[in-house]
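Structure first, then comments.
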Amino acid sequence: MPSHAQFKKIKSIEVTEEIITSAVDRTGDIYLITQGQILKYDPDGILKALYKNDPLPTIFDPHDGARMFTFYRETRKHEYLNPSFDVTNAYSIDSSLVIEPWMACLSGDRNLWIMDAADGSLKKINTRNGIVEVDVKINPTLNPSNIKFMREYQGFVFVLVDHIGIIIFNTMGKQIRLIENNHITSFNFFGEELYYLQQDKLVFFDLFSTESREIKLPSAPTSALLTDQRLFLISNKTVDIFESNL
């Protein structure tokens, strides 16, 4: 386990509202989601854009930073935003395909994975032709209301379930693994590894070898994001930015 000496603090930023969740895009920009807005910062902590909307999206995925994805449970719609947070496209989820969309995430550049709370199923929707390509029942003991986040990565679908952990599905919607940890509140990816926060450590899980490793952090934040060059430690209304040489 490497020590935290590999991280050098370069800056702290503060926001006016409590940070509910956060995300990072492929270019290393960070996004802070509060109750009333989404703030976009570059890797050096410079504010680049601000997005206000009521309500905020159920799912926000900045993707590559050029075409960001949002999903709204209440209105059954998903939108795409440009780097300035302007809506470039907006679509409704057809009720003939999904009865009660609880969570949704991108599959590739345009298709969708959707968790349907009405029948407890995981569906993959081809948005070009409006066809359900995958439709599988999930574990009947799993309450959809406990599902907090989902995302596709490296051909797998990752679903965060409150007080259980992270369930991993393959491209056919079959559950292949459970990372059991009832304290996981968020997760992200670093190369071929999934990582999540555990007190003052980041725990990494290799998606292909299934090996695990840990790194110790300079402190115990409420959430953390990692890129090739930066470590972001997030607590309440503050983000500490560190140089990283991982």
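The values are calculated or read from the model by the stated rules, or taken from the named source; none is laboratory data. Small disclaimer: the values here were computed from a predicted structure and weren't measured. Positions of Cβ are backbone-derived with ideal geometry, glycine not excepted, and every protein chain shown enters the neighbour counts.
Overview of results
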{"item": "Per-region count, segment 24-46, residues in contact (Cβ under 8 Å) with a residue 24 or more places away in the chain and in a strand (DSSP E or B)", "result": "9"}
{"item": "Criterion: touching a Ser or Thr at 6+ places or on another chain (Cβ under 9 Å) and under 30 Å from Glu243 (Cβ atoms) - qualifying residue of Ile138, Ile33, Ile46, Ile125", "result": "Ile33"}
{"item": "Strands (runs of 3 or more DSSP E) fully within segment 93-156 counting 2 or more residues that are under 19 Å from the mean Cα position of the chain (by Cα), surrounded by fewer than 15 Cβ atoms within 10 Å (Cβ to Cβ) and of a type in the set (Asp, Glu)", "result": "none"}
{"item": "Pick from segment 197-223, criterion closer than 24 Å to Ile10 by Cα and among the small types (Gly, Ala, Ser), ranking: surrounded by the fewest Cβ atoms within 10 Å (Cβ to Cβ)", "result": "Ser219"}
{"item": "Test: residue in segment 220-234 that is farther than 27 Å from Ser92 by Cβ, more than 17 Å from the chain's Cα centre (by Cα) and without any contact (Cβ under 8 Å) to a residue 12 or more places away in the chain", "result": "no"}
{"item": "Within segment 1-15, considering residues that are modelled with pLDDT under 95 and among the polar types (S, T, N, Q), the one farthest from Leu81 (Cα to Cα)", "result": "Ser3"}
{"item": "Matching residues in segment 182-197 - criterion: being over 15 Å from Leu225 (Cβ atoms) and within 17 Å of the chain's Cα centre (by Cα)", "result": "His183, Glu192"}
{"item": "Selected residue (criterion: surrounded by the fewest Cβ atoms within 10 Å (Cβ to Cβ)) from residues of segment 21-39 that are within 14 Å of Arg230 (Cβ to Cβ) and out of contact with any strand residue (DSSP E or B) (no Cβ under 8 Å at 6 or more places or on another chain)", "result": "Arg26"}
{"item": "Selection count where residues are in contact with a strand residue (DSSP E or B) (Cβ under 7 Å, 6 or more places away or on another chain) and outside any strand (DSSP E or B), scope segment 186-241", "result": "13"}
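Yes or no, residue by residue, for (1) surrounded by fewer than 18 Cβ atoms within 10 Å (Cβ to Cβ); (2) farther than 14 Å from Ile234 by Cα; (3) touching an Asp or Glu at 6+ places or on another chain (Cβ under 6 Å); (4) not aliphatic (A, V, I, L, M):
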position: Ile13; (1), (2), (3), (4): no, no, no, no
position: Glu17; (1), (2), (3), (4): yes, no, no, yes
position: Tyr41; (1), (2), (3), (4): no, no, no, yes
position: Gly45; (1), (2), (3), (4): yes, no, no, yes
position: Lys48; (1), (2), (3), (4): yes, yes, yes, yes
position: Arg73; (1), (2), (3), (4): yes, yes, no, yes
